[in-house]
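The values are calculated or read from the model by the stated rules, or taken from the named source; none is laboratory data. All values derive from a computational prediction rather than experimental measurement. When we count neighbours, we look across all protein chains shown, and the Cβ atoms used for this are built from the backbone with ideal geometry, even at glycine. Protein only, heavy atoms only, side chains kept; ligands, DNA and RNA dropped before computing areas. Shrake-Rupley method; radii C 1.70, N 1.55, O 1.52, S 1.80 Å.
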Amino acid sequence: MSSDLGFILLTTVTAFLSYSTNALLHSGSASHGVSPRDYYLTTDAHWFNQTLDHYSPHDHRKFRQRYYEYLDNFRAPDGPVFMIICGEGPCSGIAKDYISVLAKKFEAGVVSLEHRYYGKSYPFNSLATENLRYLSSKQALFDLAAFRQHYQATLNVKLNRSSDNPWFFFGVSYPGALSAWFRLKFPHLTCGSLASSAVVHAVYDFSAFDQQIGESAGQECKDALQETNKLLELGLKVNRKAVKALFNATELHVDADFLYLTADAAVMAFQYGNSDKLCVPLVEAKENGGDLVETYSKYVRDHCMKVWGLHVRPYNRKHLRNTVVTAESTYRIWWFQVCTELAYFQVAPANNSVRSQQINTEYHLNLCKSLFGKGTYPDVDATNMYYGGHKIAATKIIFTNGSQDPWRHASKQTSSSELPSYIMDCHNCGHGTDLRGCPQSPMVIEGKSNNCSSPDVVNKVRQQMVEHIDLWLSECRGSTRSSK
């Protein structure tokens, strides 16, 4: 989730990472001679007939929802089941991140459910605004509950038993929020949840996001970024076509959309633990009187676009208005969630901003209206009232965040015995570091921490995660036995 677009798991042969920036999403590609299958425990898809509207007693329509299962480590018949929640992008399989290590340790089966409307789990063949009315976090939580019950029932038939296995839910970013919210709303269906970089607090004007980018950059890099941004704005006034061509972005006719792209490109460096790729050349260019715009555009082309999968089209309003279901529909779908219930509008702070002042509240609201019609507005107060925001009143949820991740300001950073919260403080600790390692692009097999600037910090948090999971699974088993 870096800007208002978010995370996307890629579906092409060389695409398989989930990245969140602008709206929370951005596909990341990482070929490097490695097959996508090397990044997954399984890519074999299964299908579940899901209820379209969980809130209507009269609407019995169903749609096909994709899921995956991996049972090689499962200790039959009473081993735990780990549910990995997929979010704002195609779900292409069960990844070999740190959850795969935990599954082996706890002898757990692993299942993963694709989020409604994303990937191949779309209810309609058109993404017209009226067809998106069943897209919400609330419906998604009921999807998880219905699937969990269905899967447990099929497991019981297969194992010839009647009692439930202990379940534990996992998610990163928006799925991290879903993981926390699931434990809040369906505490009887999971022993606990891991909410990694979980954006549980819907934020209307998210100026803290940009402030964290400046803080993570450090003074020298921040100064260079701010000067670069001023030069970009000046260049757009003088010769906008030439400036946009440097970023392969001439299709973006609205200048503010282009400036959103360039802001997101900077975010990717800090959110995913690659700040040196941006700051080292940019600071060097500033100190030596080099061309800052050219230096920045080279970073965007060589790293953001070629390696991390940043695309220009998701910033193109014409593309975002397209209602035909395609492989790139993810961006329109996520913007609908942003524009109706979550916001996370990454606006420029009034003072000392790293991004352009053109990226303000009015920009986001106009974009929402442009895509989905007049009256489209994110009711974040209702969202936070329903889930609790930072004051979520639940138990047995682990919150984890990376110190350099701007999204941590929408997460729960205060800790308690029932809701432990840990911040991994290191130079390249970013989004989902506890499960994905450092840096998060390209994907680190098993989420290894050896490339984190302070591996001990990450390993300590992981040990605490293991202790909580172990305790809560044990308590779950104990309550099951006592209820017999």
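Under the condition of being out of contact with any Phe, Trp or Tyr (no Cβ under 8 Å at 6 or more places or on another chain), assigned to a strand (DSSP E or B) and either surrounded by fewer than 24 Cβ atoms within 10 Å (Cβ to Cβ) or among the polar types (S, T, N, Q) (or both), the residues counted in the stretch 403-437 number 1.
Among the residues of this structure, residue 344 does not count as one that is among the aromatic types (Phe, Trp, Tyr), in contact with a Ser or Thr (Cβ under 6 Å, 6 or more places away or on another chain), assigned to a strand (DSSP E or B) and open to solvent by less than 50 Å² (accessible area, probe 1.4 Å). Taken over the stretch 176-215, the residue count meeting the criterion of being open to solvent by 10 Å² or more (accessible area, probe 1.4 Å), part of a helix (DSSP H, G or I) and farther than 21 Å from residue 470 by Cα is 5.
Of the set (1) among the aliphatic types (A, V, I, L, M); (2) under 21 Å from the mean Cα position of the chain (by Cα); (3) surrounded by fewer than 20 Cβ atoms within 10 Å (Cβ to Cβ), all apply to residue 242 but (2). In the stretch 129-137 there is no residue that is in contact with a Gly (Cβ under 7 Å, 6 or more places away or on another chain), of a type in the set (A, V, I, L, M), modelled with pLDDT of 95 or more and crowded, with 18+ Cβ neighbours inside 10 Å. Across the stretch 438-465, which residue is nearest to residue 83 (Cα to Cα) among those that are open to solvent by less than 30 Å² (accessible area, probe 1.4 Å) and touching a Lys or Arg at 6+ places or on another chain (Cβ under 7 Å)? The qualifying residue nearest to residue 83 (Cα to Cα) is 447.
Scoring residue 400 on the criteria (1) open to solvent by less than 10 Å² (accessible area, probe 1.4 Å); (2) among the polar types (S, T, N, Q); (3) under 30 Å from residue 254 (Cβ atoms) leaves a single failure, condition (3).
Applying a threshold of 7 Å to beta carbon distances and a minimum spacing of six or more residues, or different chains, the list of pairs starting in the stretch 278-296 at a residue that is assigned to a loop (DSSP other than H, G, I, E, B) and ending at one that is among the small types (Gly, Ala, Ser) and modelled with pLDDT of 95 or more reads 291/285. For the stretch 130-161, which residues satisfy the criterion of being farther than 22 Å from residue 46 by Cα, in a helix (DSSP H, G or I) and under 23 Å from the mean Cα position of the chain (by Cα)? Passing the criteria: 132, 137, 138. Go through the stretch 245-276 and give me each residue that's under 14 Å from residue 210 (Cα atoms) and either more than 26 Å from the chain's Cα centre (by Cα) or among the acidic types (Asp, Glu) (or both). Hit for the stretch 245-276 is 264, nothing else. Does any residue of the stretch 227-239 turn out to be in a helix (DSSP H, G or I), in contact with a His (Cβ under 7 Å, 6 or more places away or on another chain) and among the polar types (S, T, N, Q)? So far as the stretch 227-239 goes, no, none of its residues is in a helix (DSSP H, G or I), in contact with a His (Cβ under 7 Å, 6 or more places away or on another chain) and among the polar types (S, T, N, Q). The residues on offer are 71, 127, 113, and the sole one that is hydrophobic (A, V, I, L, M, F, W, C), under 20 Å from residue 54 (Cβ atoms) and touching a residue at least 24 places away in the same chain (Cβ under 8 Å) is 113.
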